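The values are calculated or read from the model by the stated rules, or taken from the named source; none is laboratory data. This one's a predicted model, so the numbers in the text were calculated from it and none came from an experiment. Every residue, glycine as well, gets a Cβ built from its backbone with ideal geometry; the counts of neighbours run over all protein chains shown.
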Amino acid sequence: MNIIGKKISETRKSKGLTQEELAELSKVNLRTIQRIENNESEPRGKTLILICEVLDIDVEDLINSKKQFEANTNSNLVHGFTLASKGKRFIANLLETMVYTITIIIPYIIYKTPSLKDYLNGDNPIGFGFAAIFGLIVGAIFYPMFTGNLGHRIIGLKVISSETGDDYKKATEGAIRELLKGVFSFFIIPIIWILWDDKNQNLYDKLTKTYVVEKK
């Protein structure tokens, strides 16, 4: 039984009313009352208001109780959004990396490195400095447009504040988050942290107090 149907049934019984009496007093069809209490449908709009008026139930409190119940029973919900799965986050990161590799990093390596042999021998221009600067630029550009990075945009994800649920779309916020992501990419633990985290967060998510969620 859903939380609304359960509340209506319990309150009706506590007031000594039958389903037929509730239907008559609220001017709601008896079959509708039965379906609500049997968890076959959920009352909305005028129907919910009419029933709550007869049972002296505060509609707003009832709806808030439903939202709280859903939040407590579904750990994948945060601030009304569904957390992005580990798989979707991996795919988003993979797609983003592929795009940047093809359009930016490979041309950069070719331009900066005298030969492929030198690059393979350790003359690698891609380091902390590059990752930090690249992350700052990417975050500052894409977050105000997409509320996330390019990978998030491609598969329908976005970044929100873990504290307020607000969209994480300021250029400074995006720059800092992508900077940390770029620098942490040189280490293992900060990146694979997500495998054990119940909110699917990497270390840079925790430091910036963010969640990656599915767009509604």
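Can you name the residue in segment 139-195 that is closer than 15 Å to A84 by Cα and among the charged types (D, E, K, R) and, of all such residues, is surrounded by the most Cβ atoms within 10 Å (Cβ to Cβ)?
Checking each candidate, the answer is K158.
Against the conditions (1) within 30 Å of K181 (Cβ to Cβ); (2) out of contact with any strand residue (DSSP E or B) (no Cβ under 8 Å at 6 or more places or on another chain); (3) polar (S, T, N, Q), where does T82 fall short? Just the number, please.
The one condition T82 does not meet is (2).
Against the condition within 24 Å of K216 (Cβ to Cβ), small (G, A, S) and in contact (Cβ under 8 Å) with a residue 24 or more places away in the chain, how does G174 come out, does it pass?
Considered against the rule, which asks whether it is within 24 Å of K216 (Cβ to Cβ), small (G, A, S) and in contact (Cβ under 8 Å) with a residue 24 or more places away in the chain, G174 comes out as yes.
L30 - would you say it is out of contact with any strand residue (DSSP E or B) (no Cβ under 9 Å at 6 or more places or on another chain), among the aliphatic types (A, V, I, L, M), surrounded by 12 or more Cβ atoms within 10 Å (Cβ to Cβ) and in the same structural domain as N149 (by TED's automatic domain parsing)?
Against the criterion (out of contact with any strand residue (DSSP E or B) (no Cβ under 9 Å at 6 or more places or on another chain), among the aliphatic types (A, V, I, L, M), surrounded by 12 or more Cβ atoms within 10 Å (Cβ to Cβ) and in the same structural domain as N149 (by TED's automatic domain parsing)), L30 does not qualify.
How many residues are among the polar types (S, T, N, Q) and not in a loop (DSSP other than H, G, I, E, B) when one looks only at segment 130-171?
The qualifying residues number 1.
Given the structure, is G174 out of contact with any Leu (no Cβ under 7 Å at 6 or more places or on another chain), in the same structural domain as I91 (by TED's automatic domain parsing) and at positive phi?
no
Looking only at segment 172-194, how many residues end up being part of a loop (DSSP other than H, G, I, E, B) and hydrophobic (A, V, I, L, M, F, W, C)?
3
For segment 195-215, check the following and say yes or no: at least one residue is in a helix (DSSP H, G or I) and either modelled with pLDDT under 90 or outside the structural domain of E96 (by TED's automatic domain parsing) (or both).
yes
On the basis of being over 30 Å from S185 (Cβ atoms), free of Cβ contacts under 8 Å to residues at least 12 places away in the same chain and surrounded by 12 or more Cβ atoms within 10 Å (Cβ to Cβ), does E42 make the cut?
No: the conditions fail for E42.
Restricting to segment 7-38, name every residue that is closer than 20 Å to N64 by Cβ and in contact (Cβ under 8 Å) with a residue 12 or more places away in the chain.
Within segment 7-38, K7, I8, S9, T11, I36 meet the criteria.
Considering only segment 146-195, how many residues are under 19 Å from L77 (Cα atoms) and of a type outside the set (S, T, Y)?
14
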